[in-house]
Amino acid sequence: MSKLKYSRGNIHHADYSRCLVTDTLPGDVPIIFSNDGFYKNQKKRDLFNADTKQILDHILDPATKSYAVPYRYRITKNEISTRRLSLLHPRSQLEACDFYETYEDIICYYNSKSKFSIRAPQKVGSSFFYKCSLGEKNKYKGGSVDTLDFEKRIRNPSSYFSYSGVDRLYKFFESPKYLRLEKKFSNMWFADVSKCFASIYTHTLLWAVKDMPLSKESNGYKSFGADFDKLMQRQNYNETNGICIGPELSRVFAETIFQNIDHKVYLKAKAEGLKFKVDFECFRYVDDIIIFSNDEIVSSKIYSLFEEVMGEFNLHLNSSKLEKYVRPFQTKKSHVIQKLGSALSKLEERLTDQIKTETDTLVVPRQIYRSNAVKMDFIKTVKSICYDAEVGYEMVANFLISCLSNLLERLIESYEKVPNENCRPPEWYLTSVNLLLDLIFFLYTVQPSVNTSLKLSRAVVLSIKFVKKMDPKRLPFLAELLTGWTHELVKSFETSNPKLTRSKIPIEILNVLLAISEADIVDSFNDDFVEKIILRSKKPDYFSIVCFLFFAKTNVKFSKLRKDLERHLLEHFEKNADVLKYARDAHMFLDLVSCPYIDIKVRGKIVLHTNKALKLKTLSLTKCRAIAAELELESWFTNWKEVDLLNMIRRKELSAVY
């Protein structure tokens, strides 16, 4: 085994702007969207031309820090409801960086008091990395939350703080600690907070930190609590009821409050003679609470204490979602997943053989004579398992798509590594790839979500790249299949619940369309389809606009749609836009002025209208075009110049933290 060595990382402790790429952006955004460009441009803002810098300074650093209105959008939560997320104004995100710079240590202090929390910021992320085989975990910026034991070994710290415990709740249920708890206790209760983030009253943070001052003489908690309270209000239209859902910053705010709730519950339980780690153990992951005991009366008492203390903070447990288990602790989902694991193993045996080399175990395709029969057999097996367990596709689709896409990736990665004597014909690879994609699209069509859209998109892009490299002449056939599957997906998505789709941004669909654009087949979709599915209206939303421009690029087939959109944008920035107040307008300005697929004359006029609205010195149209040209040099939020969609998708997968 090679010796491991420490080496300096590329994110430094004093670089507080890195908060932009870790803590201020929702994870559920289109795959082409990130804060990477914003981070880079913020670091070099002083290098911009004086006219350009003046506009940027007014948008990002106004003289008085007034409130901003976040860009609200909805994604699918389940079959009947949506979740509203918030994209913060760029200025609000920079204010968060300033707040972290001032209070990073105090944040960690106030998040170290709970005996129950299994996900809390404990220290500021290190600027060092450790070279080892695990180094690729955070190869891409935007990686998942770093935990303390892993943070010492990863290549690129991806969250501003290092977190205690686990970065995903399912890891707790797969840990040795969970098995120890099952040996020790016979009862497990699972509860969660009803509409947690929407119910949080921002002033309650002051109540929480007041009970845990740094010292009796210290007033540090007063400025920290007040400033955190004001920060959350300013970024959310000065609202005190509810906080923005999506950014890691909001989870840090909620965790600070819950730390105090945990502490109070612990003290009340102790006062009533209940010994922690003897009579009960309790664990909390964000707003999920797990109670272990050997007596239902004890579990009920701890549950009641949480209800009582949360009531003091205007929060409530969701009694309708309380789940109670007795040993052995096995939920419906875990039972179904076990059975599906066996079905997946059988499918893999039908599709592939394993080839062992000195360094790896490779998978190669078997010859499949009736791929449709294999597909139908697997789907019937999945249906039967779900029927017997009385669960729907929503419980299993994510797991199945993940496993199938991983198998597809292993198959593709093995192609160039297989020894000559074990090679298989290209046709066998294509048949297996098409079959796996077909199954993934089927499962995604019946249960789409933003999270699984990343897995599907990764499978699509990998397959396109594979076919392009293996035999480009076969790409049209794959493109035809992808087009058909996408049309079926869109039709199902729209007919299943029309009211739902009209009230939300279909990121689940947009991500798939962005992925198949890798195949250069965008012109196989007609104008009506693109307008209806991507733009969706005569006044399209921000994400739909940038996705359309990335999807269509300079394709002449969509010239009319592009011209209509440019007219709409010019009218909006001339009459309605307010880049200081609305996050949507600030993001649109920076993204669209830097977009190479919009006519430079149009972008110049957008700069002209914005400059006038900001009441800055008058600029000629020529200077405004020069500003647009300068802003085009580096993308801001939508990565117009990224040629590797796979890179962006993988980074998005790593960034999912909740």
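Put simply, the amide H of ASP353, placed in the peptide plane, has neighbours under 5 Å in VAL364, ARG366, leaving out anything fewer than 5 places away on its chain.
Relative to its residue count, the chain spans a Cα convex hull of 174 Å³ per residue.
Provide Rg over Rh for segment 215-333; use the alpha carbon set for both Rg and the Kirkwood Rh (inverse mean inverse pair distance). With Rh from the inverse mean 1/r over Cα pairs, Rg/Rh is 1.03. Taking every alpha-carbon pair under 8 Å whose residues sit at least 6 apart, the chain reaches a relative contact order of 19 percent.
Roughly how many percent of the accessible protein surface of the chain is carbon and sulfur, given a 1.4 Å probe and a whole-percent answer? About 50 percent, which is the carbon plus sulfur part of the accessible surface. The heavy atoms of MET376 offer some 80 square angstrom of accessible surface to a 1.4 angstrom probe.
Comparing segment 539-620 with the 2.2 N^0.38 Å rule of thumb, its C-alpha radius of gyration ratio is 1.06 (two decimals). The calculated FRET efficiency for GLU421 paired with VAL522, based on their beta-carbon distance and R0 = 41 Å, is about 0.50. Taken along the Cα-to-beta-carbon direction at a fixed 7 Å, the label points for SER492 and MET470 span 2.4 nm. Taking every DSSP helix (H) stretch of at least 4 residues in the chain, weighting each as -39,500 (n - 2.57) and dividing the sum by the residue count yields a mean residue ellipticity at 222 nm of -16500 deg cm²/dmol. Between LYS553 and LEU633, the modelled label-to-label distance comes to 2.4 nm, taking each label 7 Å out from Cα in the direction of the beta carbon. Amide H contacts for LEU614 (H built 1.01 Å from N in the peptide plane; partners 5 or more residues away or on another chain; cut-off under 5 Å): none found. Spatial offset of segment 314-344 relative to segment 527-551 amounts to 39 Å, using the alpha carbon center of each. Once the chain from SER300 to HIS203 is taken as fully extended at 0.36 nm per residue, the excess over their C-alpha distance is 32.0 nm. Accessible surface for ARG410 stands near 90 Å², nearest 10, in the context of the full protein assembly shown (1.4 Å probe).
A 1.4 Å probe run over the chain, with the rest of the protein chains in place, finds 44 Å² accessible per residue. Based on alpha carbons, the Rg and Dmax found for segment 288-390 are 22.7, 65 Å.
Modelled spin labels at TYR369 and THR618, positioned 7 Å past Cα toward Cβ, are 8.3 nm from each other.
Among the protein heavy atoms, those of HIS316 account for about 120 Å² of accessible surface (1.4 Å probe, every chain in place). Structural descriptor for segment 431-522: relative contact order 42 percent, calculated from alpha carbon pairs under 8 angstrom and at least 6 residues apart.
Label zone of ASP360 (point 7 Å out along Cα→Cβ, amide N under 19 Å): in segment 377-420 this covers 404-420. In terms of accessible area, using a 1.4 Å probe and ignoring ligands and nucleic acids, GLU358, GLU518, GLU421 rank largest first as GLU358, GLU421, GLU518. Computed over segment 430-539, the Cα gyration tensor eigenvalues convert (square root of 5λ each) into semi-axes of 25, 16, 11 Å, ordered from largest to smallest.
FRET efficiency for the pair LYS332 and LYS43, taken as 1/(1 + (r/R0)^6) with r the Cβ-Cβ distance and R0 = 41 Å, rounds to 0.25. Were the residues from MET376 through LYS77 laid out at 0.36 nm apart, the gain over their Cα-Cα distance would be 104.8 nm. At full extension, GLU307 and LYS115 could sit 67.4 nm farther apart than now, given 0.36 nm per residue minus the alpha carbon distance. Pairs of alpha carbons in segment 359-467 separated by more than 18 Å make up 52% of all such pairs.
The values are calculated or read from the model by the stated rules, or taken from the named source; none is laboratory data. Please read all numbers here as calculations on a predicted model, not as lab measurements. So basically every Cβ, Gly included, is an ideal-geometry build from the backbone, and we count neighbours across all protein chains shown. With ligands, DNA and RNA removed, areas are computed over all heavy atoms of the protein, side chains included. Shrake-Rupley method; radii C 1.70, N 1.55, O 1.52, S 1.80 Å.
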